[in-house]
1. So, in the range A:249-287, of the ones that are farther than 25 Å from A:Ser450 by Cα and of a type in the set (Gly, Ala, Ser), which residue ends up nearest to the chain's Cα centre (by Cα)?
2. Which residues, taken from the range A:183-209, are surrounded by fewer than 17 Cβ atoms within 10 Å (Cβ to Cβ) and under 20 Å from A:Arg130 (Cβ atoms)?
3. Would you confirm, using the coordinates I've provided, whether A:Val234 is more than 26 Å from A:Ser596 (Cα to Cα) and among the hydrophobic types (A, V, I, L, M, F, W, C)?
4. Going through the range A:4-13 one residue at a time, which ones are surrounded by fewer than 17 Cβ atoms within 10 Å (Cβ to Cβ) and more than 8 Å from chain B (Cβ to nearest Cβ)?
5. Testing B:His24 on (1) crowded, with 16+ Cβ neighbours inside 10 Å; (2) facing another protein chain (nearest Cβ under 7 Å); (3) without any contact (Cβ under 8 Å) to a residue 12 or more places away in the chain, one condition comes back false. Which one is that?
6. Considering only the range A:266-290, state which residues are buried (at least 24 other Cβ atoms within 10 Å of the Cβ) and touching a strand residue (DSSP E or B) at 6+ places or on another chain (Cβ under 6 Å).
7. Would you pick out the residues in the range A:4-50 that are of a type in the set (Asp, Glu) and either over 30 Å from A:Glu178 (Cβ atoms) or not assigned by TED's automatic domain parsing to the domain that holds A:Pro98 (or both)?
Amino acid sequence: MDKRLRRILPTVQKPARYTGGEYNEIVKDKASVKLRMAFCFPDVYEIGMSNLGMRILYGCINEVPEYACERVFAPWGDMAEAMRRENIPLYALESGDPVSEFDVIGFSLGYEMAYPTVLDMLDMAGIPLRSSERTGLTPLVFAGGTSMCNPEPMAPFMDLMAIGEGEELDIELLRLFEKARDAGWSKAEFLREAASIPGIYVPSLYEPVYKADGTLAELRPLPGAPETVTKRIVADLDKSYFPTKPIVPSTEIVHDRVNVELFRGCVRGCRFCQAGYAYRPIRARSPETVISQGIESIRNTGCQEATLLSLSSSDYRYLSEACDGLLEYCEPRSVSLSLPSLRADNFSMELMSRLQKVRRGGLTFAPEAGTQRLRDVINKNVTEEELLNTCRIAFEGGWNGIKLYFMLGLPTETDEDVLGIAGLADKVLHTWRKYSPNRQRGVRITVSTSCFIPKPHSPFQWEAQVSMDEYRRRVNLLRGAITARSIQYNWHDASTSFVEAVLSRGDRRVADAIECAHKMGARMEAWSDYFDFKRWLAAFDAAGIDPAFYASRERAEDEVLPWCRVSMGVKAGLLLRERHRAYEARLSPDCRAQCSACGALELLPEGVKCDG
Amino acid sequence: MDKLRLRFEKTGKAAYISHLDLLHVVQRAFLRAGTPLKYSEGFNPHAIISICVPLSVGMESLCELMDFRVTREIDLAALPGELNAVSPEGIRFIECYEPQRKAAEIKWLRCEGVYEYDALAPEISELDAFYRRGSIPVTRRTKRGEGVLELAGNVRDFELERCEAGVRLGCTVSAQEPAVNPELLVKALAQLAPELGPDFASWKRLGFYGSDMTAFR
């Protein structure tokens, strides 16, 4: 270990985050591999190691014997400061080698607030921030992850973006890079060739042209660039790579457990939800695979908790079968099985009771809106009756804590809808009073609201975000209406949501603001410990952009959007139709009741069906 | 023979695993190795594992002791190897045996420190003279607030020699009642003779002894 590092580690909080050496870590001899990739996660170890996507790709790339993939996380403030003071460059955990020595540097970008951290990590690695400043082929700097479905705000910093799922795409990209490096291609030659790989977006091959009013006239493809970059998917989850020998962290992380993935995509089509549209088509793992991968992972890690992951577990066709199979292994070994993302219906409650025999965690539901009208607008197919019925079963079963998540500022929201949230919480409390077998124990109902952020590739991508003042007014309205002592109300900060809204639907000019924020010291902006709204306002100002133009402006339906060159497989026409239906408060059936012909089916090979 | 003791090393990267995290790490290693670990009964069962004398984060050890219980007979000689096959880097199990004495009977701890001096290291004789003072009161912060601990009498058998980084120091500290963290030896320099203080010091535990200075088992 580096002498300087050895000296600072005892002085920082939780140093085990910065050493690597965990069980199941993959360490390769750098002399015997052909290519080294630094997989960077722009947040702390505890968050990054909880991310299933990163674990899948880390394992997947390391499956190639001649490639070595190492992990890099952002150090917490005390460590970052110490590293800068001692001139220790950002390093990868497996080898301890500086990130700048790697051939390829890949960032996983799941949420927009991490953007400044990406720049901070590049800076700590001593790598120029802008693609144009990095003239050589190596290191190649690229990004993937859900938030890259709008690549433009990060366009100047990345050599390219990988759109969609990375299992196959990343390997194809690395193969091409290896070929280019060995043949001595220039960076420009490589990027032009890379643009022909389906799913690769090379931002330097698109030129934004703006109108006088500041909107995009065009995002012009330069020679060699495809008109549209369509995201990549893995067609068959049973045949695709899954890490059943995952790294076991030696220090506590946020989700310290075995993850088993049930399926990708979601049949529901909630109109505010980016994931519901961006992860289509629906592809399921067979229950046999789920069970065997789960058991194998538990064996290989010694974890005592396993969780089944998907966007909506209740919609997995073989949920009972998979749970039974896993329980058969888990129960005698005191391994607990948890099932997040359940819908508020009877079946789910029975299942929950079966799973959680001993440790009974809290229950969380996300009705998202307070009235049926508004829930119809957003196509959240949960009725008050269903929710209250579920609460009744839960209370009768001994649960005495329920969390309810809502959004404020959804399109068409009125004060009546806001007050409806308080009304719904009251009804839940009433249900508890009526059905709780043990009222002495009391009840805790938590209502949380966040500010709605319109996201690219969702039917609400054209909407304006409500202003911060308006959001705060609605928060206060709701605060006044929640009077019961056993109902606690938490609300998310308005300013973070405002900045996130700018970054989510930003164009290439927003990149300047991100860079300014970084230069002013922004990093880890998803953490309230570090988020500084005044600094963001100063950064927007310095970059000469008006944040309200991006956050608070409704887009015309024919406006050229910054993410227009990226296709997530869903037709723009469907998004528009869903938007119009929202204004009529008209529901759309879920994919299983009736296929919406969204277009995602075309991403699958011929003859393969969407599981929707 | 349900009560057992394991001796293990915690070195290199593993030195930075905290005490609490270590319990978790070891518990999972047991599960991977299929050791029939005994769990507490009750609503929230947890493995019955205890580390005899907790180790500070960043300090290495060649002699950690851990007591645990099993639900059925196991092959004591095979256990260290089985655990080593499924342990993270830097955790290495040496031997497993039935304890002869209770952990509370641990009295002395032999350890080795390496004092690194970026500029010139002081004379060995100067350090030696310091640690032979009749009284070395060191101020330290504990959970109960600030207090003064007398090192003289609680640290013994000093051996000092030059090494590449500066000075290597061997000593035996009181492990329990009072528990003397060897880092206090460096703190004492900073407080009482700052001109002798190193730029950095690293420590390694070498072995535990009873009050009679026989090896503790």
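The values are calculated or read from the model by the stated rules, or taken from the named source; none is laboratory data. Because the structure is predicted, anything quoted here is derived from the model rather than measured. Here the Cβ is made from the backbone with ideal geometry for all residues, glycine too, and neighbour counts use every protein chain on show.
1. A:Ala284
2. Kept after step one, since they are surrounded by fewer than 17 Cβ atoms within 10 Å (Cβ to Cβ), are these residues of the range A:183-209: A:183-184, A:186, A:188-189, A:196, A:198, A:207, A:209.
Hits for the range A:183-209 are A:Ser186, A:Ala188, A:Glu189, A:Glu207.
3. Criteria not met by A:Val234.
4. A:Arg4, A:Thr11, A:Gln13
5. The one condition B:His24 does not meet is (2).
6. Listed by number, the residues that qualify are A:Tyr279, A:Arg283, A:Val290.
7. Taking the range A:4-50 and keeping what is of a type in the set (Asp, Glu), we get A:22, A:25, A:29, A:43, A:46.
Answer for the range A:4-50, where residues must be of a type in the set (Asp, Glu) and either over 30 Å from A:Glu178 (Cβ atoms) or not assigned by TED's automatic domain parsing to the domain that holds A:Pro98 (or both): just A:Glu46.
Conditions (1) of a type in the set (Lys, Arg); (2) within 30 Å of A:Arg333 (Cα to Cα); (3) touching a residue at least 40 places away in the same chain (Cβ under 8 Å), marked per residue:
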residue: B:Pro45; (1), (2), (3): no, yes, no
residue: B:Leu62; (1), (2), (3): no, no, yes
residue: B:Met66; (1), (2), (3): no, yes, yes
residue: B:Ala77; (1), (2), (3): no, yes, no
residue: B:Pro88; (1), (2), (3): no, yes, yes
residue: B:Glu98; (1), (2), (3): no, yes, yes
residue: B:Ala104; (1), (2), (3): no, no, yes
residue: B:Leu109; (1), (2), (3): no, no, yes
residue: B:Ala129; (1), (2), (3): no, no, no
